[in-house]
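As C-alpha cells, the structure follows; a few thoughts come after it.
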Amino acid sequence: MAGYKCVILLLCLTFTTAQAAKGKTWALLAASANGWGNYGMQADVYHAYQVIKKGGIPDEQIIVMAYDDIAQNSLNPFKGKVFHSYDMMDVYKGVNIDYSGKSVTKEIFLAALRGDKEGVKNLTGREGKVIDSGPNDNIFVYISDHGGPGIVCWLDGNDLTAKELNKTITTMHQNKRYKHMVLYIDTCNAGSMFKNILPNDIGVYAVTATTATEPAFSVECNSQYFSDLSWTCLGGLFSINWVYETESDERTSATLEQQFKEAKIACEKFSVPKQYGNHSIARLAQSKFFGDSALKPKLRRRLRRSTKNMQAIPKHMQAYYLLQNRLVGLPNGSPEHETVAKDITRYETLMDQVDSFMEAIPYTIDASFQTNENVEWRKRNFGDIDWKCYEPVIESVKTKCPGIWYNEEAKYYALSQFGILINLCNEVPVEKLRAAITCAADINPLCKL
Ligand SMILES: *[C@@H]1O[C@H](CO)[C@@H](O)[C@H](O)[C@H]1NC(C)=O
Ligand SMILES: *[C@@H]1O[C@H](CO)[C@@H](O)[C@H](O)[C@H]1NC(C)=O
Ligand SMILES: *[C@@H]1O[C@H](CO)[C@@H](O)[C@H](O)[C@H]1NC(C)=O
C-alpha cells in the first residue's frame, strides 16, 4: 500500500515539474480612459482579450482592466456591443473584465503585474486576479491609453511613470517572475516609457506605437462612413494593426519581429513604432505570448486589412478633432451646429490657456526663452529624462495647477508640451523650475479647480 502511494506521488511530481518547465503564458491588458470619446482604447483591449482567449490562454491567466462604460453607454447605438472597426464584429461579447470603474488604477495595475495578491486585496478590499507567474512563464502586457513624456495616464490622475514601470519590471526579474516579458504600449510619447531606460539583459522586449517625442494616433473616427457610430474613434492606429494581425497570423510560425514590421508599414505617414529591450526576443513565435490561433487560412485572408486610407487623429487632441468631425454635416445655422461650434471655440480657448501656462514657465525663468521657436522646439525635442527633477516637477504641476491636471481635455494637450519641462530640468535647478510653475499657475485662470 505504501509503495503504491509512493508511485502516485512520484508520477504527480514528474508531471508538475514538466508543466512548470514548459511554462505558462500570462497577459495583462489595460485601458484606463473612460467616456464615449475614448471608446477606441477600451475596444483595443477588448479585442486583444478575444484574440488571446481564442489563442487558448485560459481566463485564469488573462487580466483585463477597463472602465467598462462603453457597451452600455447612452451614446451607444449598438447597446451591449463594442466594435474595433467598421467590420462591426462585437469584441465585447464574453470579455472577462477583472478590474473596472474605480478599480482601474496604477496601483492595482502594478500589484496585479508583480503578482502581489495581498497588495490587490489591500487596494480593492477583495481577492483579485494577479499574474501568479514563475521563472519559466512568459508575460504579455498591453496598454492602450493617453500618455505623455515618461507617463502613462490613469483616470484618477495618479499616473504611471517610466521609472516606476522600470522598477517593477526589474524587481520581477530579480524575483524570477518570468522568462520573457513583452510589453506593447499605445499612448502618445510611448517610446519615452523605455528609451534609454529599459535594460536589454532582463528578458524584456517592448514595442511602442510611437517614438519618445511624438503623438500616437486613433483611427476609425470617420463618421462619414458610419454615422451611427459618429463622434468617436474605434481604435488606436498601432493597436488595430497588431490585434487584427495577430488574429489572422499563423502564430506558431509568425514572429513578433514580423508583427513589428507590419505595424511599421501600417502606421507609416502618422507615427513610427519602436522596439526596446532585448531584440532577440522578437525572433520568438507570437504563440509564446498570444497563444496559438487555429484560424483557417481563408478566414485569415479575409481578416487581413489595410489602414491606408484611414483618417488618423492624434490622441492628445482627439476630443478636439472629434468635434471638428461632428461639425461637418451639421446644417449651417441649425441649433446643433451652433452648439458644436461653441464647443469648438471653448476648446480653442482651453488650448490657448494651456499654451500660455506652458510657455509662461520658461519665460518666468529667463526672458531669453521667450522666442517662440525656442519654446516650440523644446516641446518636441528632448533627450533623456532627469527623474530627480522631473518627478517633483510633475508633482508641482499637479498640485499648483489641478485645473489642468484633472481636466482630461486640458491635460492630454498639456502633456504633449512636457518636453519643455524635460529640457528645463537639464538647464536650471529643480527649485527654480518649481517656483516658475507656481508663478505660471498663479496667473492662469485654468489652473484653479
Ligand atoms: C496590507 O495591509 C496590511 C494591514 O494594513 C499591511 O500590514 C500589509 O503590509 C499590506 N500589504 C501590502 C502588500 O500592501
Ligand atoms: C531601470 O532599471 C535598471 C535595472 O534593471 C536600472 O539600472 C536603471 O537605472 C533604471 N532606470 C531608471 C530610469 O529608473
Ligand atoms: C536576449 O534574449 C535571448 C533569448 O531569450 C537570450 O538568449 C539572450 O541571452 C538575451 N540577451 C541578453 C543581453 O540578456
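The values are calculated or read from the model by the stated rules, or taken from the named source; none is laboratory data. Since the structure is predicted, the reported quantities are computational estimates derived from the model, not experimental observations. With ideal geometry, Cβ positions are generated from the backbone for all residues, glycine too; neighbour counts draw on all protein chains shown.
When you check THR161 against the structure, is it of a type in the set (Ser, Thr, Tyr) and within 26 Å of SER280 (Cβ to Cβ), yes or no? Steps first, answer last, please.
On the way: of a type in the set (Ser, Thr, Tyr): yes; within 26 Å of SER280 (Cβ to Cβ): no.
Considered against the rule, which asks whether it is of a type in the set (Ser, Thr, Tyr) and within 26 Å of SER280 (Cβ to Cβ), THR161 comes out as no.
Kindly establish whether GLU60 is assigned to a helix (DSSP H, G or I), in the same structural domain as SER218 (by TED's automatic domain parsing), exposed (fewer than 14 other Cβ atoms within 10 Å of the Cβ) and away from ligand 3 (no atom under 16 Å from the Cβ).
On the way: assigned to a helix (DSSP H, G or I): yes; in the same structural domain as SER218 (by TED's automatic domain parsing): yes; exposed (fewer than 14 other Cβ atoms within 10 Å of the Cβ): yes; away from ligand 3 (no atom under 16 Å from the Cβ): yes.
Yes.
So for the stretch 37-53 (the condition being within 16 Å of the chain's Cα centre (by Cα), assigned by TED's automatic domain parsing to the domain that holds GLY235 and of a type in the set (Val, Ile, Thr)), does at least one residue qualify? Break it down into steps so the answer makes sense when it comes.
Of the stretch 37-53, the ones within 16 Å of the chain's Cα centre (by Cα) are 37-49.
So of that shortlist, the ones also assigned by TED's automatic domain parsing to the domain that holds GLY235 come out as 37-49.
With the extra rule that they be of a type in the set (Val, Ile, Thr), the set shrinks to 45.
The answer is yes, given that some residue of the stretch 37-53 is within 16 Å of the chain's Cα centre (by Cα), assigned by TED's automatic domain parsing to the domain that holds GLY235 and of a type in the set (Val, Ile, Thr).
Would you tally the residues in the stretch 258-290 being farther than 13 Å from GLU245 by Cβ and in a loop (DSSP other than H, G, I, E, B)?
Here the count works out to 7.
Can you pull out every residue in the stretch 213-234 that is at pLDDT 95 or above and either buried (at least 24 other Cβ atoms within 10 Å of the Cβ) or within 16 Å of ligand 3 (Cβ to nearest atom) (or both)?
Filtering the stretch 213-234 down to residues at pLDDT 95 or above leaves 213-218.
Scanning the stretch 213-234 gives PRO215, ALA216, PHE217, SER218.
Any residue at all in the stretch 86-102 that's away from ligand 1 (no atom under 16 Å from the Cβ), buried (at least 17 other Cβ atoms within 10 Å of the Cβ) and in contact (Cβ under 8 Å) with a residue 60 or more places away in the chain?
Within the stretch 86-102, none of the residues are away from ligand 1 (no atom under 16 Å from the Cβ), buried (at least 17 other Cβ atoms within 10 Å of the Cβ) and in contact (Cβ under 8 Å) with a residue 60 or more places away in the chain.
Restricting to the stretch 156-175, what's the tally of residues that are charged (D, E, K, R) and either within 16 Å of ligand 3 (Cβ to nearest atom) or in contact with an Asp or Glu (Cβ under 9 Å, 6 or more places away or on another chain) (or both)? Steps first, please.
Pass one, the stretch 156-175, residues charged (D, E, K, R): 156, 159, 163-164, 167.
This time we only want the ones that are either within 16 Å of ligand 3 (Cβ to nearest atom) or in contact with an Asp or Glu (Cβ under 9 Å, 6 or more places away or on another chain) (or both), so: 163.
Residues in the stretch 156-175 being charged (D, E, K, R) and either within 16 Å of ligand 3 (Cβ to nearest atom) or in contact with an Asp or Glu (Cβ under 9 Å, 6 or more places away or on another chain) (or both): 1 in total.
Is it the case that ILE131 is among the hydrophobic types (A, V, I, L, M, F, W, C), part of a loop (DSSP other than H, G, I, E, B), within 16 Å of ligand 1 (Cβ to nearest atom) and outside the structural domain of ASP384 (by TED's automatic domain parsing)? Walk me through how you get there before you give the answer.
Details: among the hydrophobic types (A, V, I, L, M, F, W, C): yes; part of a loop (DSSP other than H, G, I, E, B): yes; within 16 Å of ligand 1 (Cβ to nearest atom): yes; outside the structural domain of ASP384 (by TED's automatic domain parsing): yes.
Against the criterion (among the hydrophobic types (A, V, I, L, M, F, W, C), part of a loop (DSSP other than H, G, I, E, B), within 16 Å of ligand 1 (Cβ to nearest atom) and outside the structural domain of ASP384 (by TED's automatic domain parsing)), ILE131 qualifies.
For VAL141, are the conditions met, namely being surrounded by 14 or more Cβ atoms within 10 Å (Cβ to Cβ), at pLDDT 95 or above and farther than 30 Å from ILE422 by Cα? Show your work before the answer.
On the way: surrounded by 14 or more Cβ atoms within 10 Å (Cβ to Cβ): yes; at pLDDT 95 or above: yes; farther than 30 Å from ILE422 by Cα: no.
Considered against the rule, which asks whether it is surrounded by 14 or more Cβ atoms within 10 Å (Cβ to Cβ), at pLDDT 95 or above and farther than 30 Å from ILE422 by Cα, VAL141 comes out as no.
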